[in-house]
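K.L.:
Here it is: the structure, laid out below.
The values are calculated or read from the model by the stated rules, or taken from the named source; none is laboratory data. Keep in mind that what you see is a predicted model, and the values were worked out from it rather than measured. Here the Cβ positions follow ideal geometry from the backbone for every residue, glycine too, while neighbour counts run over all protein chains shown.
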Amino acid sequence: MSPVLRCTNKHEWHLKPGDPLGHTTQVCPICGEPELTRVGPMQATLPATVSVVHSLPSAAPVLSGYDIFELLDEGGMGRVYRARQRATGRIVALKVIRHDRVNHPEVVARFQREARAARALAHPNIVEVIDDGVEQNTPYLVMELVVGKTLQQLVHERGGPLPVAEACEILRQAALGLQHLHEKGLVHRDIKPSNLMVTTATTPSGRLVKILDMGVVRLRQLAESPEEWLSTLTQQGTLIGTLDYIAPEQVENSHSADIRADLYSLGCTAYFLLCGHEPFRNKSIAEKIFCQRYSDPVPIDQVQHEVPSVVAAVVRRLMTKNPQERYQTPAELVEALDELAATGQIALFRAASLPLRQRFQAHCGAVYALSFLDAQHLLSGGHDQTLRLWDLATQTERLCVEQSRPVVSVATFPNAALALIATGVTLRLLEMPSGKELQRWAGHTDAVRSVAFEPTGRLAVSGGDDRLVRIWEVQSGRTLDRLRQHRAGITSVAFAPSGLWIASAGREPALWLWDTQTGKTLRPFDVPRGMVLATTFRGQHPQLASTHYDTSVRLWECETGRERRRFQGHRQMVTALACSPDGRLLASAGHDRMVKIWDPETGVERSSGIEHTGPVECLAFSPDGTLLASGGADGTICLWEVPG
């Protein structure tokens, strides 16, 4: 009786009598691994062919150049077998098209052209295509046999999410492979955990990751005309991809999707790795289609608190519905991940806690506005129609000035001890610390929402629900210019530290940059849908920050209008924004009650705190940048110690 050999992967095969190698270690004809055990007597007679214990389905093809051993995978479009290439003896994965799917010569021709394109790929993070052809009406594709586990298997075997650093490295390697595809004019269109494999091979940064299954890849560069888009085994109007991971634009038109659709799918895959489940699990087919097009999943760092906000922000950007707002190429994603690894942010557990120095009840109702008069005195305006001056050293109220309407915005010019406040349609210029009213400015026809001083104190700016930005001469109180561009109410205005620029944000949505001297628009910024809720300049840097209804904080280059960086970590709309005097830090807060401090150079969340019991409405840095004040809808003011 011939012995049965078993390899490390538990494949079994018979060694027939007469095999001269019966007394030496054998190599598995299925996976190439060495034998682990033998069962039965050893024979050493005449040589014979190897017979595999596994049975093959009746539909297995017969190809002259290959010995087919077992079925590895089967889908609606094709089957993948483990096989041996007779000419070389190499163990390979052989993919064939199901006969019921190939009934037209044009389909076969497209398959062959795409197979040739796939053979032109040469990248360590993409499965190698060795051969292709057609035999007995069966198109086939021969690929390297990759030993390892798919990401789907890896997460299921571990029973939950992967460590953050490991998931980010997998993401980085997959992006490297996608970049090679992109450079060759290819789009994968079915990136998902089961099409990414962590192999047994190693690299300096960990185990090698490979992209599998080019079965629905779209080829553009070999097309004979711009309109000819090739897709294997698909027809016009067919949905291509997997609903748990498909990009919204791919749902609408599979043939127009570009590499950014693959990046969206990679973002969904990252969500799976970091959360242990799909972004929109337990949904029907119709619900998944709707969610992929219109809904955002629960933020990763809300599901798994150990995921740093900077990593969650990377995934959130990948999964943005608008392709223009994602990383535009896989190389951009690799650069972002390399930056995180270099700064050590991937290893962070979470942002540090923002130290609270003091919390006190300030107003009967929401605190709408805050501004430091000096390092020890803070002005606050509230829904209770009062302006209050606080002595922070003694924690006492120094002054309370009653108004006829809520005080919704406050600006201070410490050098002249002036305060400018907005109440209804009127602006009032007050002397501090006495609170004496020096001037009353009129001109707006609807509620004023925001005011700011020019750095020299010569000018002031205001904006409100009448959609006008007004520039005022402080000494005389007269209007110097009216800036008209907004189509809806203005939410925020700001002066650049140089005094040369004004920024205005509005509800339509809009963010504009103006020339102070001429009153002309320099440029609009390409903001997302939804209101822009606050804006400020970043110290002496030619940069503008803004907060948005979509929960993001964005940093823009004033010279070009280009978005430089996006800060994501808030879970509801971001209503308050402030920049430290030196431009080193940005602070944001919103309806999630969180106060966050960011490093604008790296996008890293430095620290965060939550003490308010309602939405946070306003923020202000102290003149020396060591304190941050926040005012909430709960009527409280919190003083936070700013990290060094």
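K.L.:
Based on this model, can you work out whether ALA257 counts as buried (at least 23 other Cβ atoms within 10 Å of the Cβ) and either farther than 19 Å from SER552 by Cα or free of Cβ contacts under 8 Å to residues at least 12 places away in the same chain (or both)?
P.N.:
Yes: the conditions hold for ALA257.
K.L.:
Against the condition assigned to a strand (DSSP E or B) and either modelled with pLDDT of 85 or more or farther than 19 Å from THR200 by Cα (or both), how does ARG116 come out, does it pass?
P.N.:
It is false that ARG116 is assigned to a strand (DSSP E or B) and either modelled with pLDDT of 85 or more or farther than 19 Å from THR200 by Cα (or both).
K.L.:
Take the residues in the range 178-215 that are assigned to a helix (DSSP H, G or I) and in contact (Cβ under 8 Å) with a residue 60 or more places away in the chain; name whichever of them is surrounded by the most Cβ atoms within 10 Å (Cβ to Cβ).
P.N.:
In this case the residue turns out to be LEU178.
K.L.:
Determine, yes or no, whether GLN153 is of a type in the set (S, T, N, Q) and outside the structural domain of SER265 (by TED's automatic domain parsing).
P.N.:
Numbers: of a type in the set (S, T, N, Q): yes; outside the structural domain of SER265 (by TED's automatic domain parsing): no.
Taking the combined requirement at face value, the residue does not satisfy it.
K.L.:
On to the next question. So how many residues does the range 140-156 have that are part of a helix (DSSP H, G or I) and touching a strand residue (DSSP E or B) at 6+ places or on another chain (Cβ under 7 Å)?
P.N.:
2
K.L.:
Taking interchain pairs and intrachain pairs at least six residues apart, which have beta carbon atoms under 8 angstrom, with the first residue in the range 300-316 and surrounded by fewer than 22 Cβ atoms within 10 Å (Cβ to Cβ) and the second part of a helix (DSSP H, G or I)?
P.N.:
Taking only residues 6 or more apart or on different chains, the pairs are VAL303/CYS275; GLN304/LEU274; GLN304/CYS275; GLU306/VAL164.
K.L.:
Only residues that are at positive phi and out of contact with any Ser or Thr (no Cβ under 8 Å at 6 or more places or on another chain): list them for the range 481-522, please. First the steps, then the outcome.
P.N.:
Initial filter on the range 481-522 (at positive phi): 499, 519.
Matches in the range 481-522: GLY519 only.
K.L.:
Right, another one. Output the residues belonging to the range 595-632 that are surrounded by fewer than 20 Cβ atoms within 10 Å (Cβ to Cβ) and of a type in the set (A, V, I, L, M, F, W, C).
P.N.:
ILE610, the sole residue that qualifies.
K.L.:
While we're here: Could you check the range 521-541 and list, in sequence order, the residues that are more than 19 Å from GLY489 (Cα to Cα) and without any contact (Cβ under 8 Å) to a residue 40 or more places away in the chain?
P.N.:
Within the range 521-541, LEU522 is the sole residue that qualifies.
K.L.:
Which of the strands (runs of 3 or more DSSP E) contained wholly in the range 525-600 include at least 3 residues that are within 20 Å of HIS305 (Cβ to Cβ) and hydrophobic (A, V, I, L, M, F, W, C)?
P.N.:
Passing ranges, in order: 595-598.
K.L.:
Please enumerate the residues belonging to the range 377-401 that are outside any strand (DSSP E or B) and either surrounded by 15 or more Cβ atoms within 10 Å (Cβ to Cβ) or not assigned by TED's automatic domain parsing to the domain that holds THR626 (or both). Talk me through it step by step, then tell me what you get.
P.N.:
Going through the range 377-401, the residues outside any strand (DSSP E or B) turn out to be 383-385, 392-395.
Within the range 377-401, HIS383, ASP384, GLN385, LEU392 meet the criteria.
K.L.:
How many residues are in a loop (DSSP other than H, G, I, E, B) and either in contact (Cβ under 8 Å) with a residue 40 or more places away in the chain or aromatic (Phe, Trp, Tyr) (or both) when one looks only at the range 476-491? Steps first, please.
P.N.:
We begin by selecting, within the range 476-491, every residue in a loop (DSSP other than H, G, I, E, B); these are 476-478, 485-489.
Those still in the list that are either in contact (Cβ under 8 Å) with a residue 40 or more places away in the chain or aromatic (Phe, Trp, Tyr) (or both) too: 477, 489.
Looking only at that region, the number is 2.
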